[in-house]
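Would you mind keeping the following structure in view while I ask a few things?
Computed from the coordinates by the stated procedures, all read-outs in this text should not be read as laboratory data. Computed from a predicted model, the values in this text were never measured in an experiment. Quick reminder, even Gly has a Cβ in these numbers, built from the backbone with ideal geometry, and neighbours come from all protein chains shown.
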């Protein structure tokens, strides 16, 4: 009777005008090969965030969608929101 814990990114979504990359991580607890529980966590990588510690797949997606133009537009948006 061995308990194992498996964690992996099971969903990657690109959303919004500034191409936020949403990651859903699944955590599965198994006893032998029988799944006992599954839970999910989410996090977001915004344009301009450091994603160097992410997996190669996530890095490739972020570098493709977080172009210089998108990063600058998001920074301008954040600056404009500071004025309110």
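Measure nothing fancy, just the Cα-based angle from helix 68-82's long axis to the longest principal axis of the chain, in degrees from 0 to 90, nearest 10.
Computed tilt is about 80 degrees.
Percent relative contact order of the chain, based on C-alpha pairs within less than 8 angstrom and at least six residues apart?
Normalised by residue count, the contact order of the chain is 24 percent.
So how much slack lies between residue 57 and residue 38, counting 0.36 nm per residue of separation and subtracting their Cα-Cα distance, in nm?
So the extension gain works out to 4.5 nm.
Another question, if that's okay. Taking R0 as 35 Å, what FRET efficiency do you get between residue 12 and residue 81 from their Cβ-Cβ distance, rounded to the nearest 0.05?
The pair residue 12/residue 81 has a calculated efficiency of 0.85.
Angle between the Cα long axis of helix 56-65 and the longest principal axis of the chain, 0 to 90 degrees, nearest 10?
So the helix axis and the longest Cα principal axis differ by about 30 degrees.
Another question, then. How long is the gain from residue 29 to residue 64 if the chain were fully straight, where each residue apart is worth 0.36 nm and the alpha carbon distance is subtracted?
Full extension of this stretch gives 9.2 nm more.
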